[in-house]
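Structure first, commentary second.
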Amino acid sequence: VNNIHRNVVWGQLSNLMSIPTDCPQRDERMGWMGDAQLTVEEAICNFDMAGFYTKWMRDIKEAQEKDGSVPDVVPPYWRLYPADPAWGTACVTIPWYLYLYYGDKRILEEHYEVMKGWVDFLGTKTEGHIVKYSKYGDWCPPSYVRSPDTPGELVSTWCYYQDVVALSKIAHALGKPTEAQKYAELSEKIKEAFNKEFLKNDQYAPIGQVGPMPPVSSQTSNLLPLYSDMVPEDKKETVLKRLLEDIEATRDCHVGTGIVGTRCLLDALTKY
């Protein structure tokens, strides 16, 4: 465990070069927002990140377009607009974690309009509160680049829900009760639409029959709504059962998640 932690620390430290880069070992080293938002909590727990992320959030603010969209990489040396929802969420996730861990409202005050602009932009990409837009989704599960069994729209809509819930809490922290209520109500509508669209009987986004076995779904599809308390109370036990069956039986206790699911996997299992 200590060796794993040491690798994590060096991996993180090697990517803190003015911006949170994606990797130090090849000719890319871009400020990929997805990589940054998925490692923000780990980075804060291992380093003093207040100054570093405050600076990078200003880079994000500079990179935001008038329609509220942000790019996949910041600074946008590659003009990849708009970001995949799991990447763009960095502009909400990072200020929120800075506030949670450091208790400083200034980061929320400075970037509230940035966060609001991104969330409202995502709203323009929805149909019935389902985000109909995905570029990467649950990126790079074992043996694949793009996930073969986790729908991109499921990941995008889950990220939209996460952002709206966080924005409601941020508005509350900043003394904006009307906007806090507005986004809280929107989050409930997204949750309802998410379950209507993706929850089929006792699992999320089943992908059909696998040989003689009944329909199955991906680890990520089931664990994300468990992680975020989106699963209806009467379905939690069966959705968890499907997740455990996939881990233990289908994959012989192996991870089948990409970067989005992996971030939430152990937390979801521990929670239940």
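Rolling a 1.4 angstrom probe over the chain with all protein chains present gives an accessible area of which 53% lies on carbon and sulfur atoms.
Within the assembled protein chains, the solvent-accessible surface assigned to K200 is about 90 Å², based on a 1.4 Å probe.
Mind jotting down a quarter of the surface of the convex hull over the alpha carbons of the range 6-113, in square nanometres, one decimal?
Details: hull surface 25.8 nm².
Projected over every direction and averaged, the Cα hull of the range 6-113 covers 6.4 nm².
Give the relative contact order (percent, whole number) for the chain; include only Cα pairs under 8 Å separated by 6+ residues. Here the relative contact order equals 14 percent. Subtracting the Cα-Cα distance of I207 and L100 from their residue separation scaled by 0.36 nm leaves 34.8 nm.
For the range 94-109, putting each phi into the Karplus relation 6.51 cos²θ - 1.76 cosθ + 1.60 with θ = phi - 60° gives couplings of 5, x, 5, 5, 4, 5, 4, 8, 10, x, 10, 6, 4, 5, 6, 5 Hz, in residue order, rounded to whole numbers and with x for Gly and Pro.
Each residue was assigned an accessible area with a 1.4 Å probe, and for K271 the value is about 90 Å². Close amide H contacts of T126 (hydrogens built in the peptide plane, cut-off under 5 Å, sequence separation of 5 or more or a different chain): K132. Relative to the dominant Cα principal axis of the chain, helix 50-63 is inclined by about 90°.
The Cα center of the range 91-114 and the Cα center of the range 1-73 differ in position by 15 Å. The alpha-carbon positions of the range 66-144 define a convex hull whose volume is 131 Å³ per residue. Solvent-accessible area per residue in the chain equals 49 Å², computed with a 1.4 angstrom probe and all protein chains kept.
Computed from backbone phi with θ = phi - 60° and the Karplus coefficients 6.51, -1.76 and 1.60, the 3J(HN,Hα) list for the range 173-181 is 5, 8, x, 10, x, 5, 6, 4, 5 Hz; x is used for glycine and proline. Here the 3J(HN,Hα) profile of the range 218-226, calculated from phi with Karplus coefficients 6.51, -1.76 and 1.60 at θ = phi - 60°, is 7, 4, 4, 4, 8, 7, 4, x, 5 Hz, Gly and Pro shown as x. Relative to the longest principal axis of the Cα atoms of the chain, helix 236-245 runs at roughly 80 degrees. Against the main long axis of the alpha-carbon atoms of the chain, helix 259-271 sits at an angle near 70°. Of H111, H254, H172, the order by accessible heavy-atom surface (1.4 Å probe, DNA, RNA and ligands excluded), from most exposed downward, is H172, H254, H111. Full extension of the chain between T124 and H5 yields a length gain of 38.8 nm, computed as 0.36 nm times the residue separation minus the alpha carbon distance.
Contour minus end-to-end for F47 and R146, with contour as 0.36 nm per residue of separation and end-to-end as the Cα-Cα distance? Mind showing how you got there, number by number?
Working: separation 99, 0.36 × 99 = 35.64 nm, distance 3.13 nm.
Here the answer is 32.5 nm.
The values are calculated or read from the model by the stated rules, or taken from the named source; none is laboratory data. Given the structure is predicted, the values throughout are model-derived calculations rather than measurements. Side chains are part of the model used for accessible areas, which takes the heavy atoms of the whole protein and leaves out ligands, DNA and RNA. Shrake-Rupley method; radii C 1.70, N 1.55, O 1.52, S 1.80 Å.
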